[in-house]
1. Taking the criterion of being within 18 Å of the chain's Cα centre (by Cα), assigned to a loop (DSSP other than H, G, I, E, B) and either touching a residue at least 40 places away in the same chain (Cβ under 8 Å) or farther than 18 Å from R126 by Cβ (or both), would at least one residue in the stretch 157-172 satisfy it?
2. Report, by residue number, each residue of the stretch 49-84 that is surrounded by fewer than 21 Cβ atoms within 10 Å (Cβ to Cβ), part of a helix (DSSP H, G or I) and in contact (Cβ under 8 Å) with a residue 60 or more places away in the chain.
3. With L46, L95, L102, L111 as the choices, which residue is within 18 Å of the chain's Cα centre (by Cα) and either assigned to a helix (DSSP H, G or I) or over 19 Å from Y177 (Cβ atoms) (or both)?
4. Identify all residues within the stretch 181-193 that are assigned to a helix (DSSP H, G or I), among the acidic types (D, E) and either surrounded by fewer than 16 Cβ atoms within 10 Å (Cβ to Cβ) or touching a strand residue (DSSP E or B) at 6+ places or on another chain (Cβ under 7 Å) (or both); write none if there are none.
5. Out of curiosity, is L34 over 17 Å from Y153 (Cα atoms), buried (at least 23 other Cβ atoms within 10 Å of the Cβ), of a type outside the set (D, E) and touching a Phe, Trp or Tyr at 6+ places or on another chain (Cβ under 9 Å)?
6. Can you name the residue in the stretch 151-180 that is small (G, A, S) and under 14 Å from D136 (Cα atoms) and, of all such residues, is surrounded by the fewest Cβ atoms within 10 Å (Cβ to Cβ)?
7. Sort out which residues of the stretch 117-153 are over 27 Å from L195 (Cβ atoms) and touching a residue at least 24 places away in the same chain (Cβ under 8 Å), and write them in order of number.
8. With the requirement that a residue be among the hydrophobic types (A, V, I, L, M, F, W, C), at pLDDT below 90 and under 17 Å from the mean Cα position of the chain (by Cα), what does the stretch 180-217 give you?
Amino acid sequence: MEGTIYRAIIPVKSLSEAKSRLAPHFSLHQRETLALDMLRHVVQTLCASQEFELVSVVSPDMRVLEKARTWGARALFEERSGHNPALHMAALRELAEGADALLTISADLPLLTPDDIGVMVERSTRFDVVLAPSMDGTGTNAMLARPPLAVPYLFGINSLQKHLRAASRRGLSASLYTSRGLSLDIDTIEDVQELERNTRTGANPAHTLYGSVGIAS
């Protein structure tokens, strides 16, 4: 929508908790490096899309925030503990600063492309809420709401259905957008293996990630 101010926020946990489900397979240093490499990819992809007035990273970890600044994002220290409360506070700030629409997106999407972002933004001109499901169809890897906080943050188990129900209760139109770039988030060894398969087929634009955990490109 012409004249609409779009912004984006990316929540990131403390690096000490980075990808804990991968702990049996990779060292903490490898997991921290992987988390930062994926965050860099998401930040740079959002910036490359040229859809957003501002991209912000929200985290309690100063190392994360320092890196985010070097990649062109605004660094926001987490004002409240807990994933959803921290996002709510960040979204309130974006709303107060004049954002008309707000994308909230996972930091661990190594296949994300600017085209994925462009489709979500285009759909937001026709729908109040655009949701990108996780690969298993239960989680929410990205949510674009117009205006910000049109629906509350309900990330966690079965968040996709929770967000859809919240939109319905508020009389808001919602659209689901599924793509490889938005569905593959890296939490388990199976996710890493899926990423490796994409590497072998040449489907992944973020080949620099693989050195993080020793995946051969």
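1. yes
2. Scanning the stretch 49-84 gives H83, N84.
3. L46
4. Residue satisfying the conditions is E190 alone.
5. Yes, satisfied.
6. Here the answer is G156.
7. Within the stretch 117-153, S124, T125, R126, F127, D128, V129, A145, R146, P147, P148, L149, P152 meet the criteria.
8. The answer is A206, L209.
The values are calculated or read from the model by the stated rules, or taken from the named source; none is laboratory data. All figures in this text were calculated on a predicted structure; none of them were measured in a lab. Backbone-built Cβ (ideal geometry, glycine too); neighbour counts: all protein chains shown.
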